[in-house]
Amino acid sequence: MTFTTRFAPSPTGPLHLGHAYSALLAYDMARAANGVFHLRIDDIDQSRARPEWEAQIFDDLSWLGLSWPSPVLRQSDRVPRYRDALKTLWDQGLLYPCSCSRADIRAAASAPQEGAPLHGPDGLVYPGTCRPASPPSGPMPDAVMRLDMARALARLTHPLCFHETGAGPDGTTGEIHPLDMLQTVGDVVLARRDMGASYHLSVVIDDADQAITHVIRGRDLFDATQIHVLLQRLLNQPTPAYHHHRLIRDDTGKRLAKRDDARAIATYRAEGCTQADIRMKIGL
Ligand code: GLU
C-alpha cells in the first residue's frame with residue numbers, strides 16, 4: 001500500500017508556524033516513504049471559511065516548497081457524500097436528533113445530580129437530554145444529530161485500537177477504552193444543521209475516500225482520534241496509522257492559534273525569512 005498522507009487546514013485564518021510544522025513533517029514523511037502528500041481544504045464550516053484564507057494557504061505552502069496532486073479535495077463540495085454516511089448510521093439506529101442549545105447543555109450538565117461536569121474533545125460531555133429510549137425510525141431528519149455512544153459501542157465485536165507512530169499527550173499509544181469513551185466523549189454531534197456534517201464525520205469519510213494510510217497531525221487532536229476510529233469501524237472503513245506530533249508553542253509556552261498573526265507564515269515572508277529559516281525555527 002502506498003504511504004498516503006494529507007495536510008487538512010481550515011481556511012479560517014492565516015497559517016502559522018504550527019501549520020508549517022505539520023505540513024512539512026507530513027510532506028517529509030511522505031517523501032521519505034516514496035508516498036503521496038495531499039492538501040485538503042477543511043472548509044465544512046462555511047460560516048468561518050474565507051476564499052482569501054484558502055488562497056493564502058496555497059500560496060504559503062507553495063512558498064514552503066510543497067506540492068500536491070490536483071484536484072484538491074474541498075469539504076464544502078462533499079456534503080452529499082457525508083449525508084450518505086450519516087444515512088448509514090441512521091439506518092443502523094445509531095443517531096438521534098438533538099434540539100439542545102449550548103446553554104441547555106450547560107444547565108443540564110451542571111445540575112446537582114450530574115456531579116462535576118465532564119469535558120471531552122468537543123467541550124461538555126452531552127448529558128443525554130434528547131437521547132431516546134429506543135432508536136428513532138423513519139426518514140433521516142435534516143437536524144442536528146448525535147451519535148448514541150452506548151449503542152454504538154455495544155455494536156463492537158472486537159476491541160478498538162489504532163497504531164500510533166508518534167506519541168500521545170503522555171506517551172500513551174493507541175488503546176481505546178469503551179467505558180472511558182462513554183464517560184469522557186459521550187454522544188458527539190455528527191450532523192450539524194448549518195453544514196450537513198460535523199468535523200468528526202467529514203474527516204473520517206475524507207481519509208477513507210483518499211485512501212489515507214497515515215494521518216499526521218498535532219497532539220491537540222489526539223482525543224478526537226478515538227471517535228474517528230469508532231466511526232471507521234461503524235462505517236466499515238479501514239483505520240489508518242496515526243502520528244500525533246508535538247505542538248509548536250510561543251515564547252511563553254502557549255500553543256499557537258490562528259489569531260497569532262505575529263507568527264503567521266505570511267508575516268515571516270514579508271519580513272524576508274527564507275524557507276530554510278522557517279524550517280530552523282520549528283526544528284525541522
Ligand atoms: N482541519 C483540522 C484543523 O485545522 C485538521 C483536521 C485533521 O488533521 O484531522 O485543525
Checklist entry - Considering only L256, H38, L73, whose Cα is most displaced toward the positive end of the charge dipole of the chain, charges sitting on Cβ of Lys, Arg (+1) and Asp, Glu (-1)? => result L73
Next on the checklist: Explain nothing, just the number: relative contact order of the chain, from Cα pairs under 8 Å at least 6 residues apart, as a whole percent.
Outcome noted: 26 percent
Checklist outcome for this item: Kirkwood calc, the stretch 136-243, C-alpha pairs only, radius in angstrom 14.7 Å
Item to check | Two-decimal Rg/Rh across the stretch 193-284, once Rg and the Kirkwood Rh are taken from alpha-carbon atoms | outcome: 1.07
Item to check | Amide H contacts of G120 (H built 1.01 Å from N, under 5 Å, at least 5 apart or other chain) | outcome: V125
Checklist entry - D for the chain, whole µm²/s, Stokes-Einstein with Kirkwood Rh over alpha-carbon pairs at 10 °C and 1.306 mPa s: what number? => result 79 µm²/s
Checklist entry - In the chain, which cysteines lack any other cysteine Cβ under 4.7 Å from their own? => result C100, C161, C273
Checklist entry - What is the local net charge at L284, summed over the other residues whose Cβ is closer than 14 Å to its Cβ (Lys, Arg +1; Asp, Glu -1)? => result +2
Checklist outcome for this item: Interchain or sequence-distant (5+) residues whose placed amide H lies within less than 5 Å of the amide H of H16 are I265
Checklist entry - Taking Cα pairs under 8 Å and at least six residues apart, what relative contact order does the stretch 151-276 come out at, in percent? => result 28 percent
Checklist entry - Using the Cα atoms as the points, what is the convex hull volume per residue of the stretch 1-80 in Å³? => result 93 Å³
Next on the checklist: Using each residue's phi in the stretch 120-131, evaluate 6.51 cos²θ - 1.76 cosθ + 1.60 at θ = phi - 60° and report the 3J(HN,Hα) Karplus result to the nearest Hz, with x for Gly and Pro.
Outcome noted: x, x, 10, x, 4, 5, 5, x, x, 3, 8, 5
Item to check | Alpha-carbon spread of the stretch 114-157, three principal axes, descending order, Å | outcome: 36, 30, 20
Next on the checklist: Once the convex hull of the alpha carbons of the stretch 147-205 is built, what does its volume come to per residue, in cubic angstrom?
Outcome noted: 121 Å³
Checklist entry - For the stretch 1-137, which semi-axes, largest first and in whole Å, follow from the square roots of 5 times the eigenvalues of its Cα gyration tensor? => result 37, 19, 16
Checklist entry - Ranked by Cβ crowding within 10 angstrom, fewest neighbours first, how are S10, S22, S47, S202 ordered? => result S47, S10, S22, S202
Checklist outcome for this item: Length-normalised contact order of the stretch 142-224, Cα under 8 Å, at least 6 apart, in percent, tallies to 37 percent
Checklist entry - With axes computed from alpha carbons, what is the tilt in degrees of helix 222-234 against the longest principal axis of the chain, rounded to the nearest 10 within 0 to 90? => result 60 degrees
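Throughout, read-outs are computed from the coordinates displayed, never taken from laboratory work. As the structure is a prediction and not an experimental result, all values here were calculated from the model. Glycine also receives a Cβ, built like all others from the backbone with ideal geometry; neighbour counts cover every protein chain displayed.
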